[in-house]
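The values are calculated or read from the model by the stated rules, or taken from the named source; none is laboratory data. Please read all numbers here as calculations on a predicted model, not as lab measurements. Note that we place each Cβ from the backbone using ideal geometry, even for glycine, and neighbour counts take in every protein chain shown. Ligands, DNA and RNA are excluded from the accessible area calculation, which covers all protein heavy atoms including side chains. Shrake-Rupley method; radii C 1.70, N 1.55, O 1.52, S 1.80 Å.
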Amino acid sequence: MEETVVNKYTPKDFKSDQEVRWCPGCGDHAILSSVQRALPELGIPKEKFAFISGIGCSSRFPYYMDTYGFHSIHGRASAIASGVKTANPELSVWQITGDGDALAIGGNHFIHVIRRNININIILFNNEIYGLTKGQYSPTSTKGIVTKTSPYGTVEEPFSVGELVIGAKGKFFARTIDTNIALSTQIYTEAARHKGTSVVEVLQNCVIFNDGVHDTVADKEVRDDRTLILKHGQPMIFGKNNDKGLILDGLKLRVVKIGEDGITEKDIIVHDATEPNPGIQYMLANMRYPEFPVALGVIRAVEGVTYDSAMTEQISEIKKTSKIKCMDDLLMHGSTWKVE
């Protein structure tokens, strides 16, 4: 009878012996804790985890995990994570990156790993600033922000991470806030179980160069009224008193108050993360305060063929009919000649 091995880990099993060197109060600490809480839920042997990072404050992450890891080069974490996963499909591969690393120098790799649907998990720390290089504006910085590289305010429109992911044919996109450990842990677990590229945007605070950047929606005094935590199959209701919701008004979303103008809970639209048509998910990913609450939770989770499984299947099929069975066959294949 085959023996079933059950891996019973705790968060402590995934903590390395390295001193964590992020600034006191940095949101990265909470993200690290959430990931270390999520991994024991997956039942995957420790030796099958690999954390790949680029460059930036977030990218020190692999040092603090008691797993395999690779602190790689700027903007190239997606390419390296793709190689790790396709070379060894049995691994659970996690890419750790920031808004500068993934969306500026790494933007090309980022959209193509999503398009290919390689089965990796990407956690994107979005603090809307370059922290490691001391406070330059990034691709997600709010238009008009004054930084060391925009002394009169930026004049360019920022990227929306969700819009970029869905536009690149992304199958899984979720958003969380660094301080919400319970929600983050749940999302990382769901992301890991999704087959394909999963992207989790974390609204993360940088206490030194962009402190309070997400307070408008994340502060505990206002977050219930300014964020919407999506749950698949449940109506999109939010607010401190659970009295607000979203309806579909023509082709647009609209915030309504339950109990006013004849609106009841039955009028509130139900979240469907598995709907292949990304229309409503696209609008949810782009909602911004004050017109809308900011959507948190799993916004899109659609099944699709993964690049690594398709490649493995293709190799298997070609092997069946290939005349090349060994290295000698390969060397003697095609046009060959002998030198006398």
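The numbered conditions (1) touching a Leu at 6+ places or on another chain (Cβ under 9 Å); (2) touching a residue at least 60 places away in the same chain (Cβ under 8 Å); (3) farther than 21 Å from Ala218 by Cβ; (4) surrounded by fewer than 23 Cβ atoms within 10 Å (Cβ to Cβ) are all true for Gly170 except (4). Beta carbons closer than 6 Å, at least 6 apart along the sequence or on distinct chains, pair a first residue in the stretch 233-244 that is more than 16 Å from Val298 (Cβ to Cβ) and at pLDDT 95 or above with a second that is in a loop (DSSP other than H, G, I, E, B) and not acidic (Asp, Glu) for Ile237/Ile268; Asp243/Ile258. Restricting Tyr282, Tyr289 to those that are surrounded by 11 or more Cβ atoms within 10 Å (Cβ to Cβ) and closer than 14 Å to Leu230 by Cα reduces the list to Tyr282. Output the residue which, of all residues in the stretch 197-256 that are among the aliphatic types (A, V, I, L, M) and more than 30 Å from Ala102 (Cβ to Cβ), is most open to solvent (accessible area, probe 1.4 Å). Across the stretch 197-256, the extreme among qualifying residues is Leu251. Would you check which residues across the stretch 200-243 are of a type in the set (Gly, Ala, Ser) and at positive phi and list them? If the condition is that a residue be of a type in the set (Gly, Ala, Ser) and at positive phi, then Gly212, Gly233, Gly239 are the ones that fit.
Restricting attention to the stretch 68-100, the residues being aliphatic (A, V, I, L, M) and open to solvent by less than 10 Å² (accessible area, probe 1.4 Å) number 4. Evaluated against (1) open to solvent by less than 10 Å² (accessible area, probe 1.4 Å); (2) in contact with a strand residue (DSSP E or B) (Cβ under 6 Å, 6 or more places away or on another chain); (3) on the phi < 0 side of the Ramachandran plot, Gly135 falls short on exactly one condition, (3).
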